[in-house]
Structure formats: structure tokens, C-alpha cells
1. Which residue pairs have Cβ atoms under 9 Å apart, sit 6 or more places apart or on different chains, and have a first residue in region 184-206 that is surrounded by 13 or more Cβ atoms within 10 Å (Cβ to Cβ) and a second that is basic (Lys, Arg) and not in a helix (DSSP H, G or I)?
2. Just to verify a result, which residue in region 1-43, among those that are modelled with pLDDT of 95 or more and of a type in the set (S, T, N, Q), is nearest to ligand 2 (Cβ to nearest atom)?
3. Output the residues belonging to region 3-51 that are β-branched (Val, Ile, Thr), in a helix (DSSP H, G or I) and either out of contact with any helix residue (DSSP H, G or I) (no Cβ under 8 Å at 6 or more places or on another chain) or more than 9 Å from ligand 1 (Cβ to nearest atom) (or both).
4. Could you tell me which residue of region 79-132 is farthest from ligand 1 (Cβ to nearest atom), considering only residues that are without any contact (Cβ under 8 Å) to a residue 40 or more places away in the chain, farther than 21 Å from Asn172 by Cα and outside any helix (DSSP H, G or I)?
5. Taking Asp135 as the residue in question, decide whether it is closer than 16 Å to Val113 by Cα, of a type in the set (Asp, Glu) and in contact (Cβ under 8 Å) with a residue 24 or more places away in the chain.
6. Can you tell me which of Ile111, Ile49 is under 24 Å from Cys13 (Cβ atoms), aliphatic (A, V, I, L, M) and surrounded by 14 or more Cβ atoms within 10 Å (Cβ to Cβ)?
Amino acid sequence: MPFTIGLTGGIGCGKSRVAENFAKLGAAVIDTDKIARALTGPNSKALDIITAQFGDDYRRTDGSLDRARLRHLIFTNAGAKAYVEALLHPLIRQQVAVEMATLTYAPYQVIVVPLLLETHQYQEWIHRILVVDCDEAQQISRTMARSGLTEAEVRTIMRHQISRETRRLRANDIITNKRTLAEMEDQVIKSHRHYVVLAHKYREERE
Ligand SMILES: Nc1ncnc2c1ncn2[C@@H]1O[C@H](COP(=O)(O)OP(=O)(O)O)[C@@H](O)[C@H]1O
Ligand SMILES: [Mg+2]
């Protein structure tokens with residue numbers, strides 16, 4: 001079991017950008033969002049199951065999952081949310097395990113899990129919790145610019161995530177992504193150096 005960082009944070013805070021920077025520095029990065037998208041891609045088994053359960057309206061004309069529609073459904077229907085989670089979460093976790101097993105050498109690994117603190121699925125694999133933090137207004141403007149969601153839609157997603165305050169309390173480490181990308185990248189470099197040392201100690205203790 002390699003030394004593992006669980007990277008989380010609210011929508012739009014910059015998890016994916018931070019993870020890219022860790023990867024550039026040599027960390028092995030596993031992104032559960034990417035895995036979830038791949039698992040529900042056109043012609044996927046999971047998408048067939050979702051459309052069989054909720055209707056063909058959930059498949060867009062290009063064959064891909066209508067994510068906005070599914071998001072709306074699970075935010076307004078607890079049973080549907082439980083169904084989708086029971087379908088996807090074990091598949092995502094399984095794929096994380098597959099990717100962990102096939103990692104080439106890296107000093108440590110980073111697993112990006114948007115709902116790390118809302119769910120309890122990765123706790124036993126994770127040695128430290130790293131939170132990417134920014135202001136709520138920035139979460140909204142960045143997510144709107146990236147995805148074309150409306151402010152109301154972003155706020156709804158944020159309401160389904162734990163509060164910024166709770167997330168900050170649960171963190172072992174925090175990267176503050178409130179200013180320039182360059183400032184964020186400097187913090188990633190510092191964290192990387194710290195994690196290389198911690199990973200080394202961790203391996204020594206296990207020998
Ligand atoms: N410091 C920053 N300054 C400006 N834009 C940023 C900054 N950090 C991230 N972004 C942009 O904000 C958007 C959300 O970042 P992303 O990494 O996708 O967030 P997350 O993965 O947490 O949802 C992306 O378009 C990203 O390029
Ligand atoms: Mg992301």
C-alpha cells in the first residue's frame with residue numbers, strides 16, 4: 001500500500017488543476033471524476049443500466065449520459081440518488097484499485113475524490129487529507145465559466161457538499177487557491193516536498 005493523499009475540495013476550487021500539478025512533479029494521480037465519466041461513457045454498461053432504470057431521456061443524442069438531467073434527478077429524489085450511488089460507487093472504487101495496482105513507481109499517490117468527506121469509501125486507503133480551498137464566490141464563477149452551469153445550479157451542487165468550514169476542519173493539509181495559478185503551483189511544490197519526506201518515513205517504518 002503506497003503512501004496516499006486524498007485530495008478533495010468543493011466544486012470549482014481547483015482540485016483538477018492542483019492534481020495536474022502534482023502529476024507534473026511525479027506523483028501518481030488517480031481521479032475518481034475521470035473514472036466516473038469513463039464508466040458512464042457512450043455504450044457503457046453503467047449507462048445502459050441507468051437508462052433502463054430511469055428512461056432513455058438520460059441518454060443524449062450523441063449517446064452520452066445527460067449529466068445535468070441525472071444530477072437534477074438525484075438532487076430531487078433520494079431513492080434515485082441511492083440507486084445511482086449503489087451502482088457507480090463500487091465500480092469507481094474497483095477501478096481505483098485497478099489503477100493503484102498498475103501504478104509505475106512514484107514516491108506517493110494522490111486520489112482525487114470530490115466527495116471524500118461526504119462518503120466514507122476511501123478512508124482506509126488514505127494517509128492524509130488534502131483540501132483545496134477557495135472562496136464560495138470563486139467556486140461559483142469558476143464553475144460557471146468552466147461548465148456553463150447557472151449560478152443556481154452551482155449553488156445547488158454546493159448545498160449537496162459539506163460546508164467549507166467542515167472541510168477545512170477535517171483537512172490535514174490545505175492548498176489555498178484564491179489567487180493566481182502561479183501561487184497555487186508554489187504551494188503544490190511545497191506540499192510535494194513534504195509528501196516525499198512523509199512517504200519516505202512511511203516506507204522506512206514498514207520495513
Ligand atoms: N487560481 C486560479 N485562477 C483562475 N482560474 C482557476 C484557478 N484555479 C482553477 N481555476 C479554473 O477554475 C476552474 C475550476 O477548476 P478545477 O480544477 O476544474 O476545479 P475542480 O476540479 O475542483 O472542480 C477551471 O476552469 C480552472 O482552470
Ligand atoms: Mg475536477
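1. Met184/Lys178; Tyr195/Arg128; Leu198/Arg128
2. So the residue we want is Ser16.
3. Filtering region 3-51 for residues β-branched (Val, Ile, Thr) gives 4-5, 8, 11, 18, 29-30, 32, 35, 40, 49-51.
Next cut, in a helix (DSSP H, G or I) only: 18, 32, 35, 49-51.
Of everything in region 3-51, those that are β-branched (Val, Ile, Thr), in a helix (DSSP H, G or I) and either out of contact with any helix residue (DSSP H, G or I) (no Cβ under 8 Å at 6 or more places or on another chain) or more than 9 Å from ligand 1 (Cβ to nearest atom) (or both) turn out to be Thr32, Ile35, Ile49, Ile50, Thr51.
4. The qualifying residue farthest from ligand 1 (Cβ to nearest atom) is Tyr105.
5. On the way: closer than 16 Å to Val113 by Cα: no; of a type in the set (Asp, Glu): yes; in contact (Cβ under 8 Å) with a residue 24 or more places away in the chain: yes.
Judged against the criteria, Asp135 is not a match.
6. Working: Ile49 fails: under 24 Å from Cys13 (Cβ atoms).
When all the criteria are applied, what remains is Ile111.
The values are calculated or read from the model by the stated rules, or taken from the named source; none is laboratory data. Here the structure is a predicted model, which is why all the values come from computation and not from measurement. Cβ: placed from backbone, ideal geometry, glycine included. Neighbour counts: every protein chain shown.
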